[in-house]
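Peer 1: Please find one structure pasted underneath; my questions will follow.
The values are calculated or read from the model by the stated rules, or taken from the named source; none is laboratory data. Note that the coordinates shown come from a computational prediction; the quantities given were computed from them, not determined experimentally. Cβ atoms come from the backbone with ideal geometry, glycine included; neighbour counts cover every protein chain shown.
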Amino acid sequence: MTDLNKLPSGSSPNSLERLSASSDELLRGLDDIGSTPKQELTTTDSHSINTFYSFNPTLLFWLSVITLGVYNILWFYRFWRHFKIRASALVDKDYPKNSRIIPFWCALFSGYYIVGTARRIRKELSSLPGNHALVNPWSTFWLYGIFNYINTNLAPLFTGSFSPAFLPATLFCSAITSFQVYRLQCLANEVNKAKFQSKDQHDANKFKFFDWIFIIFGCIFTISILARL
């Protein structure tokens, strides 16, 4: 066993960094089974060229609702991983630090990173010609965060475990938070289509391993909530 007291100064282990790196590698490895290896990405690969991660927004909304927001964790992971992929392929010049993004933390703290997501989408929309619906990062943050908090903490207290109002309150809060990521994905797809003439080639046409993991876990979570009724 290594004696930590004998380690040279400045070389103490960083457990959080090792945890995030190993978790990110595991998610990326399993999630990318059958996809293009990172080293083979080129500027002609539509997934690496698109400014934002492409996903079917309607499907995202319903997956978010039925899992009470659990699926959003995977969506945030992939959305921010896309920035890292672009930086690694030397496509993204506006954000040179994107190559240092750790998607694991972006997914874990999605309530905070939704602000950065909205800001990047708003910046790209404002650079497009014509009139485009813009997004307010802080209103998105508050709506997403507050209704998430109400859904997980306050709704059971105010409605009671056996109250008839519990189910509608839970679904309403889930729909509000789901609509925030739905709107962001719609605008992200709009940018992709305007800049690269992509025909809405969503990455979600085929579910991968972690899609099913999050859907199953999210449905179990939802059923456990409904079991209180």
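Peer 1: Quick one: would you say R119 is within 14 Å of Q185 (Cα to Cα), among the basic types (K, R) and touching a residue at least 40 places away in the same chain (Cβ under 8 Å)?
Peer 2: So R119 does not fit the description; no.
Peer 1: When the range 197-208 is examined, which residues are found to be surrounded by 14 or more Cβ atoms within 10 Å (Cβ to Cβ), assigned to a helix (DSSP H, G or I) and either of a type outside the set (D, E) or at pLDDT 80 or above (or both)?
Peer 2: A204 - this is the single residue of the range 197-208 that is surrounded by 14 or more Cβ atoms within 10 Å (Cβ to Cβ), assigned to a helix (DSSP H, G or I) and either of a type outside the set (D, E) or at pLDDT 80 or above (or both).
Peer 1: If L59 satisfies every condition in (1) closer than 26 Å to S127 by Cα; (2) hydrophobic (A, V, I, L, M, F, W, C); (3) at pLDDT 90 or above; (4) part of a helix (DSSP H, G or I) but one, which is the exception?
Peer 2: (1)
Peer 1: Report the residue count in the range 33-56 for those that are modelled with pLDDT of 90 or more and among the small types (G, A, S).
Peer 2: 1
Peer 1: With the requirement that a residue be at pLDDT 60 or above, surrounded by fewer than 18 Cβ atoms within 10 Å (Cβ to Cβ) and aromatic (F, W, Y), what does the range 151-178 give you?
Peer 2: Within the range 151-178, F172 is the sole residue that qualifies.
Peer 1: What residue, of G111, G130, is out of contact with any Ser or Thr (no Cβ under 8 Å at 6 or more places or on another chain) and either free of Cβ contacts under 8 Å to residues at least 24 places away in the same chain or on the phi > 0 side of the Ramachandran plot (or both)?
Peer 2: When all the criteria are applied, what remains is G130.
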